Amino acid sequence: MFAHRRLVVATATTTRRFTTQLPSSTLKVTIIGSGPSGFYTAKYIQSLIPPSTSLSISIIDQLPVPYGLVRSGVAPDHPEVKNVENDFAKIITTSDSINFFGNVLVQENDASPSASPSISLADLQSVSDCVVLAYGASGDRTLSLNSNSSQNIPNVISARKFVHWYNGYTLPPTDAAELAFLDLDLDLDLDLDEKIENVVIIGQGNVALDCGRVMVKSCVEKKSTESILDTDVASRALDTNIFDSLKSVKIVGRRGHIQGAFTIKELRELTKLEGNLKFGVRESELIQGDVILERPKKRIDKLLRDYAQKLKLKLKQKQPCDDDDITIELRFFMNPVEFITEEGQVTAVKFEKTVLENNRAIGTGEFETLEADLVLVSVGYKSNCLAGLEESFCEDSGTVMSVRGRVRVGEGEGGGGGRGNDFLYCSGWVKRGPVGIIGSNISDARETADSLVSDFLENKFGGKEGKIEKLLADKGVEWVGWEEWEKIDNFEQANENKRTELQPREKITSVDKMLNVVND
C-alpha cells in the first residue's frame, strides 16, 4: 500500500495542491502521430513528469518519416518554416525516454483493407498506460454542387492531394486511388492531350494560396531562375508538362477579403510575383462593410487596396500584356453553385454573386461562370476516425470529443463529452480541428500534457506491462526507428540525389524505396 503525502504539481498554467497516493514509478505513453502536436506533447509530458519516474514515450507514425505536415504540408518555398524540424529532432536525440516508431499503420474505422500489417488502437492500449491521439487530419471536407460531389469528377481534386503531389508525400498502401494519383503525376485523372490553361481554386485559406503560388512558380521555372528549383518541391511537380499552357489561376471565396482565412505573409508573396507571373485583384470586390478591422485585417485591406490602385494605373497607361503571362487572381463574393461538365469532366464552374448579411454570404441571383480545366477544392482538411474510437469521434466536425485533452465518450454537458475514455488523450488538429499555424500546437499540447500528467500523479494509471517493440514484431510490422530515419534523411540530402546543389533534399516518394534505403 502506498503511503499518502501532499504533492505540489507545477504546470504550464497553474499550481495545484492535492492529496493523493504516490504515483507509479513507471509511465508508458504512446503518441499516434509525429507532426508538431505529437512532438510538442511529448516535450511537455517529459518536462512535467517527476524526474524519479521511469518514463517511456513512443511516437508512432504511419510513414517511415517523421514531422507530419511540416514535411508534407508546408510549401516548398517556405524553408524557414521547416526549420522547426531541427527542434523536433532534438526532442528525440537529447532524450533517452522518447523514441520514434515509423511505418506503423493504425487501423481506421471503415478503412479499406491494408496490404501491409497494421495494429489497432486497442493493441496500443494493451502495452501503454495511456495513448495520445495526435494524428492530424488526413481527409478532406467535400463540396457537392448540383448533386455532383467533387469526389466524383476526375479533374476536380482536393487541395490536400495537390499539396501532397508537389510536396513529395508518400502514402502507405491503403488508398489505391490516391496512390495512383500520386504515382502517375495526375495522368490518372487528366487527359494529357488537353493541356491545362485555366485553374479554379475554391477556398481562400493559406493552403489555397500556396497551391496557386507553387503552381504558377513551377510553370516558369523552366524559363527562369526563380528559387523554386532550389527548394524541396518534388521533381515530379517540375517534370510534368500538364501546366505548360497555363494562363489563369483564380482563387475564389464566398465572402470578402476581410473574411478570407489567408494571412498577410501568403498574400504579400502573391503581390511580389515577378516576370510573366501577374497577380490580380478587383477593386470593386474589396468591400469592407461594417466590420471593425483589427490590425492583421487592416494590413491585408491596405495591401490589397494599394495593389488594386497600381493595377488601375497600369490599365490607364495601357501597358501591354505578354502572351506568356500567367495570371493568379483573387476573386471575392462568389459562391460555387454548379460544376459544368462535358464528357464527365469539368469545363467551368458557375458561381452566384453574394453580399454579406451578418457576416454570412447571401446569394444575389446574379451569376458568373469561370472556365476551368482543373478545379482544386480547398474547403478544409478533416480527421479520420480510428477503429475503436467511434463513440468519441464527431463526424460533423471531424474531431475527437474531449475536455482539456481528455477524450470523452458521449456528448455530456457543454458539448465536452461524458465519461472518460480509457485514458485516451488528444492533441492538435484531431482535438481542435484543422486550424492555426504550427505554433498553435504549443498551448494545445501543453494543455493535454498537463491533463495527462495530473492524472498520472493522481495515480489513475501507470505501471503497465508489455513492450511496443514486441507488439509490432508479433503483428509483423516492419517498423522504422530514429536511426533508420536518419539513413533516409541522409540519402535524401545526398548531392547525387538532388537536382541542384542548393536543393535541401530530394524526397523519396515510395515507402518501398524508403525501406530499401533503411535495409541497404
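The values are calculated or read from the model by the stated rules, or taken from the named source; none is laboratory data. The model shown is predicted, which means the values in this text are computed figures rather than measured ones. Note that each Cβ is placed from the backbone with ideal geometry, even for glycine, and that neighbours are counted across all protein chains shown. Heavy atoms of the whole protein, side chains included, go into the accessibility calculation; ligands, DNA and RNA do not. Shrake-Rupley method; radii C 1.70, N 1.55, O 1.52, S 1.80 Å.
Worth a mention:
- Scanning segment 257-277 for residues that are out of contact with any helix residue (DSSP H, G or I) (no Cβ under 9 Å at 6 or more places or on another chain) and farther than 26 Å from residue 438 by Cβ returns a single hit, 274.
- Residues of segment 1-47 satisfying the condition of being loosely packed, with under 14 Cβ neighbours inside 10 Å and modelled with pLDDT of 90 or more: 47
- Any hit, segment 165-174, residues being at pLDDT 85 or above and open to solvent by 60 Å² or more (accessible area, probe 1.4 Å): no
- Failed condition for residue 96, given (1) in a loop (DSSP other than H, G, I, E, B); (2) surrounded by 15 or more Cβ atoms within 10 Å (Cβ to Cβ): (2)
- Some residue of segment 311-327 being under 25 Å from residue 379 (Cβ atoms), open to solvent by less than 60 Å² (accessible area, probe 1.4 Å) and not in a helix (DSSP H, G or I): yes
- Given (1) free of Cβ contacts under 8 Å to residues at least 60 places away in the same chain; (2) buried (at least 21 other Cβ atoms within 10 Å of the Cβ), index of the condition residue 425 fails: (1)
- Among the numbered conditions (1) without any contact (Cβ under 8 Å) to a residue 60 or more places away in the chain; (2) part of a helix (DSSP H, G or I), the only one that residue 355 does not meet is (2).
- Cβ pairs under 7 Å, 6+ apart, first in segment 485-501 and more than 14 Å from residue 231 (Cα to Cα), second surrounded by 17 or more Cβ atoms within 10 Å (Cβ to Cβ) and among the aromatic types (Phe, Trp, Tyr): 485/100
- Residue among 249, 233, 291 that is outside any helix (DSSP H, G or I) and over 27 Å from residue 71 (Cα atoms): 291
Here's the yes/no breakdown for (1) hydrophobic (A, V, I, L, M, F, W, C); (2) at pLDDT below 95; (3) open to solvent by less than 60 Å² (accessible area, probe 1.4 Å):
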site: 365; (1), (2), (3): no, no, yes
site: 368; (1), (2), (3): no, no, yes
site: 378; (1), (2), (3): no, no, yes
site: 391; (1), (2), (3): no, yes, no
site: 396; (1), (2), (3): no, yes, no
site: 405; (1), (2), (3): no, no, yes
site: 412; (1), (2), (3): no, yes, yes
site: 416; (1), (2), (3): no, yes, yes
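- Test result for residue 508, under 30 Å from residue 77 (Cβ atoms) and in contact with a Phe, Trp or Tyr (Cβ under 8 Å, 6 or more places away or on another chain): yes
Matching residues to (1) in contact with a Ser or Thr (Cβ under 9 Å, 6 or more places away or on another chain); (2) in a loop (DSSP other than H, G, I, E, B); (3) open to solvent by less than 40 Å² (accessible area, probe 1.4 Å):
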| residue | (1), (2), (3) |
| --- | --- |
| 434 | yes, yes, no |
| 448 | yes, no, yes |
| 461 | yes, yes, yes |
| 473 | no, no, no |
| 484 | no, no, no |
| 502 | yes, yes, no |
| 514 | yes, no, yes |
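- Residue within segment 131-146 that is more than 29 Å from residue 394 (Cα to Cα), open to solvent by 10 Å² or more (accessible area, probe 1.4 Å), at pLDDT 90 or above and part of a loop (DSSP other than H, G, I, E, B) present: no
- Counted residues, segment 26-75 - those being assigned to a helix (DSSP H, G or I), of a type in the set (S, T, N, Q) and under 19 Å from the mean Cα position of the chain (by Cα): 3
- Residues of segment 338-349 satisfying the condition of being assigned to a strand (DSSP E or B) and either in contact (Cβ under 8 Å) with a residue 40 or more places away in the chain or open to solvent by 60 Å² or more (accessible area, probe 1.4 Å) (or both): 338, 339, 341, 342, 345, 346, 349
- The residues of segment 449-484 that are more than 18 Å from residue 53 (Cβ to Cβ), in contact (Cβ under 8 Å) with a residue 12 or more places away in the chain and within 26 Å of the chain's Cα centre (by Cα), listed by number, are 477, 478, 479, 480, 481, 482, 484.
- Scan of segment 436-446 for residues that are of a type in the set (S, T, N, Q) and open to solvent by less than 30 Å² (accessible area, probe 1.4 Å), ordered by number: 441
- Looking only at segment 273-310, residues that are modelled with pLDDT of 95 or more, aliphatic (A, V, I, L, M) and over 15 Å from residue 331 (Cα atoms) come to 1 in all.
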